[in-house]
1. What are the residues in the range 311-321 that are buried (at least 23 other Cβ atoms within 10 Å of the Cβ) and either of a type in the set (Asp, Glu) or assigned to a loop (DSSP other than H, G, I, E, B) (or both), if any?
2. Does the range 342-351 include one or more residues that are over 30 Å from Gln70 (Cβ atoms), touching a His at 6+ places or on another chain (Cβ under 9 Å) and among the aliphatic types (A, V, I, L, M)?
3. Which count do you get for residues in the range 17-33 that are surrounded by fewer than 20 Cβ atoms within 10 Å (Cβ to Cβ) and in contact (Cβ under 8 Å) with a residue 60 or more places away in the chain?
4. If you scan the range 170-223, which residues turn out to be open to solvent by 60 Å² or more (accessible area, probe 1.4 Å) and under 21 Å from the mean Cα position of the chain (by Cα)?
5. Looking at Asn253, is it out of contact with any helix residue (DSSP H, G or I) (no Cβ under 7 Å at 6 or more places or on another chain), surrounded by 22 or more Cβ atoms within 10 Å (Cβ to Cβ) and at pLDDT 85 or above?
6. When only residues in the range 86-102 that are among the basic types (Lys, Arg) and not in a loop (DSSP other than H, G, I, E, B) count, which is least open to solvent (accessible area, probe 1.4 Å)?
7. Collect the residues in the range 112-147 that are touching a strand residue (DSSP E or B) at 6+ places or on another chain (Cβ under 6 Å) and open to solvent by 40 Å² or more (accessible area, probe 1.4 Å), keeping them in residue-number order.
8. Every residue in the range 63-79 that is of a type in the set (A, V, I, L, M) and open to solvent by 10 Å² or more (accessible area, probe 1.4 Å), please.
Amino acid sequence: MDVAPVGVPPRFDVFDPHTLTDPYQAYRQAREAAPICRGGPGQWVVLRHADISRLLRDDRLGTEFPPEYQDLACGDSQIATLRSHIVMTRDGAVHNRLARLMGQAFSPTRDRSLIAGIDREVRGAVDRVLALGHFDALNDLAFPLVVEILCRALGVAPSDAVPWRARVLDLGRAFVPVIPAEERAGIDATIEALRDVVRPVVAARRTDPRDDLVSRLVAAQATEDWLSTDMVVDNVVFLWFAGFETTVNLVANGCAILAERDRLLTRLRAEPALVPGAVEEFARFEAPIQVTSRYVRAPVEVGGRTVRRGRIVHLVLGSGNRDPEQFADPDTVDPTRSPNQHLGFGGGPHYCLGAPLARLICRTLFAELTARTGLVPAAPAERAQRVIFRGYRRVPLVAEAV
């Protein structure tokens, strides 16, 4: 038995593709049915904010999954190797050391020139969409803006990043809990292509170190005997993906929200001090990361049940962000919401490394956009059908100068 005998909880498949277009109704129904639902074999699904927030910080749950699970999830593949190397899937001392090193790459307080560069890139991006008139918030705004800023943050030449754009979104498939065997070769090819971009940068920093993330990771190898060159390469690949995925989705989601709510856009133009609160609401209302999974290392209580060691718990951040027990009127975007303890970037030791940069870019961008433009839908937006990340394929808009 996995749990105390207090009745059979409902089953909820958080990865069901039928829920992707509008998952929030499905989340609500499951959340109201029980504090914890059955998922796949040996898996549990948690949908309430209080439980998710607590479990994200509970050291009885971790992100290092045992080898037998990885073998089932992705087999003998480059996906498995990448997963074993990156900060997201390590716990304890190795995770803490990697997180400290890598967190500096996206720390605006560390690099004032990064802030100045973001201001300049954002102004240029808004100039371009105003000149276009009709534009796609994903492909014409979010993608080029975030790529340019990430290059600056990671010390990669923009010309070196050209292959990333075609590949980086595909990398998201590497983090689905179980990857179908027929998809693994394609994801392996994506991983190798991205490594091919990073390896020359790592090699160059050995002889020409700079004040950037790659140089710090290379320097750390001198004192950290567990940190291999392959781990350095894979963590740079992952950090690019983490910063890109989170920020691009937050930009596109925010643009779509504003285009659908003209009064909200007008209010932000009149009260620019509300923009930071609006960005937090965008992250709550449409969390860029919808689900994060943990391996249970010791028995843990959830909703009156005891989940045994060796089980997997899926924490549905997108559901927690719409939980009325935590947020009044959760289906309304309110830039004055306070406190706003949303889970849009996760929480605990594995809090999203890209969150500080995503916040800074989006606060700067939406202040500039709302001050200078009106945003009107040009055609229906198209959702990207992905189970972990919440975003779009395209968001066609008309930018009207004000």
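The values are calculated or read from the model by the stated rules, or taken from the named source; none is laboratory data. Only a predicted model underlies this, so the values are computations on that prediction, with no experimental measurement involved. Glycine also receives a Cβ, built like all others from the backbone with ideal geometry; neighbour counts cover every protein chain displayed. Note: accessible area is taken over every heavy atom of the protein model, side chains too, but ligands, DNA and RNA are not part of it. Shrake-Rupley method; radii C 1.70, N 1.55, O 1.52, S 1.80 Å.
1. Of everything in the range 311-321, just one residue is buried (at least 23 other Cβ atoms within 10 Å of the Cβ) and either of a type in the set (Asp, Glu) or assigned to a loop (DSSP other than H, G, I, E, B) (or both), namely Asn321.
2. No, that holds for no residue.
3. Just the residues of the range 17-33 that are surrounded by fewer than 20 Cβ atoms within 10 Å (Cβ to Cβ), to begin with: 17-22, 24-26, 28-29, 32-33.
From what is left, the residues that are in contact (Cβ under 8 Å) with a residue 60 or more places away in the chain are 17, 20-21, 24, 28.
Adding up the residues that qualify gives 5.
4. Arg173, Val178
5. Working: out of contact with any helix residue (DSSP H, G or I) (no Cβ under 7 Å at 6 or more places or on another chain): no; surrounded by 22 or more Cβ atoms within 10 Å (Cβ to Cβ): yes; at pLDDT 85 or above: yes.
So Asn253 fails the test.
6. The initial filter retains those residues of the range 86-102 that are among the basic types (Lys, Arg), namely 90, 97, 100.
Remaining after also requiring not in a loop (DSSP other than H, G, I, E, B): 97, 100.
Details: Arg97: 67, Arg100: 139 Å².
Only one residue fits best here, namely Arg97.
7. Listed by number, the residues that qualify are Leu130, His134.
8. Taking the range 63-79 first, the residues of a type in the set (A, V, I, L, M) are 72-73, 79.
Answer for the range 63-79, where residues must be of a type in the set (A, V, I, L, M) and open to solvent by 10 Å² or more (accessible area, probe 1.4 Å): just Leu72.
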